[in-house]
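Notes to accompany the following structure.
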Amino acid sequence: MGFRLPGIRKASFAANQASSKAVDVPKGYLAVYVGEKMKRFVIPISYLNQPSFQDLLNEAKEEFGYDHPMGGLTIPCKELEFLNVTSYLNDL
């Protein structure tokens with residue numbers, strides 16, 4: 001006779017999944033989750049020094065605060081807006 005605790009199993013599975021994703025980020029990069037579907041991007045940390053990327057982060061901070069439940073940086077802007085900023089930074 002026993003019982004199952006599916007919530008605990010799911011939580012530990014999610015924790016393992018999050019820790020394995022952290023390994024996928026190379027040195028000098030960080031994981032960013034963007035948009036409503038929280039699509040994951042891996043970007044160079046050098047973007048954090050760029051004024052256009054800082055503007056994007058400031059807008060996200062003002063509107064949503066610093067809650068990052070995905071384990072990486074969460075930017076709740078439209079994916080297209082994020083891609084426009086990062087493509088501009090790639091061209092620098």
**OP:** Using amide H atoms built 1.01 Å from N in the peptide plane, name the residues 5+ places from Y29, or on other chains, whose amide H lies under 5 Å from its own.
**Re:** I45
Original post:
Do any trypsin sites (Lys or Arg not before Pro) in the range 30-61 lie in a loop, going by DSSP, with at most 11 other beta-carbon atoms within 10 Å of their beta carbon, and if so which?
Top reply: K37
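Rule-based calculations on the coordinates, nothing more; no lab input. Every value quoted in this text rests on a predicted model; they were computed, and no experiment measured them. Ideal geometry is used to build each Cβ from the backbone, glycine not excepted, and the neighbour counts take in all protein chains shown.
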